[in-house]
Amino acid sequence: MPHCRSGGTCRFLPGEKDVCAMTLETVRNRIRFYRDFPKEGILFIDLLPLLGDSDIFAWVVREIAARISSPNVAVPEARGFLFASPLLTVPGGVKSLLIFRKSGKLPARADDLVKIPIEKEYGDDSLYFRKSDLKAARTEDGSVEVTVFDDVLATGGTAEGMALELNRLTVETAAGLLPVRVREFVFLAEIADIGARSRLERIAPVESLLRF
């Protein structure tokens, strides 16, 4: 069960440290911004300082988990992995991660690898995932429900490409062929003035922990 939703104080399980006695402002103050990185015109949001404090990191993981309602999470490399992997340890939460990686990073049989085109703020690119990983996902109500998670929502091209491909798929299970459905998008941070939220909301609801 999630413990808090950005309010300030919250309950916690016996023996756990109370890492919830903080606010979103505490988290915001740890984040750094770099203009024109990695190229001119890009505002880079550096979330890695959140890993420098175990209490802040644990709070962020819990807050992300509280916004995810499906048992399966699709996440692209690379920083998204840092915040998605701990979701598997939150009681009652995420049960399976579907990993998306760049070319040459994901070992697989030729017939197991799926390539999807994505549009990034740096230019066009591609990601890959394994169909066999999707078969390991948890089923729910006659479908494979998936949340697309990433660290930052900028142009939305990566999340959109992932979601459109997932929504086209079916998965062979013991119960037969089941459709894959993207239930929602969740992000740690969102650059609001780019306007990518409306782009993704045509597919599924969008939630962000932080908006800039």
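Would you mind telling me which residue in 200, 188, 169 has the biggest mean-square fluctuation in a Gaussian network model of the chain, where springs connect alpha carbons within a distance under 10 angstrom?
169
Quick check: the distance between the Cα centres of the range 30-70 and the range 104-163, to the nearest angstrom?
The range 30-70 and the range 104-163 have Cα centres separated by 21 Å.
Quick one: among 183, 202, 67, which has the greatest mean-square fluctuation in a GNM of the chain with alpha-carbon springs under 10 angstrom?
Looking only at 183, 202, 67, the largest GNM fluctuation is found for 202.
Given DSSP loops and a limit of at most 12 other Cβ atoms within 10 Å, what is the longest stretch of the chain that contains no such GluC sites (Glu not before Pro)?
Between exposed loop sites, the widest span is 41-212.
Please find, in a Gaussian network model of the chain (springs between Cα atoms separated by less than 10 Å), the residue of 84, 110, 159 whose mean-square fluctuation is greatest.
Of 84, 110, 159, the Gaussian network model singles out 110 as fluctuating most.
Enumerate the residues in the range 77-105 having an amide nitrogen under 14 Å from the point lying 7 Å beyond the Cα of residue 34 toward its Cβ.
Counting only backbone N, you get 79.
Can you figure out the FRET efficiency of residue 126 with residue 53, using R₀ = 30 Å and their beta-carbon distance, to the nearest 0.05?
So, using R0 = 30 Å, E works out to roughly 0.30.
In Å, what Rg and Dmax follow from the Cα atoms of the range 20-157?
Calculated on Cα positions, Rg and Dmax stand at 16.4, 49 Å.
Using DSSP to define loop residues, name the chymotrypsin sites (Phe, Trp or Tyr not before Pro) in the range 91-157 whose beta-carbon has at most 14 other beta-carbon atoms within 10 Å.
Passing both the DSSP loop test and the Cβ count: 122.
Just want the answer: with Cβ charges of +1 for Lys and Arg and -1 for Asp and Glu, which residue in 198, 127, 47 is farthest toward the dipole's positive end in the chain?
Projecting each Cα onto the dipole axis, the largest value belongs to 127.
We did not get these values from a lab; they are worked out from the coordinates using the rules stated. Just so it is clear, the structure is predicted and the values come from calculations on it, not from any experiment. Here the Cβ is made from the backbone with ideal geometry for all residues, glycine too, and neighbour counts use every protein chain on show.
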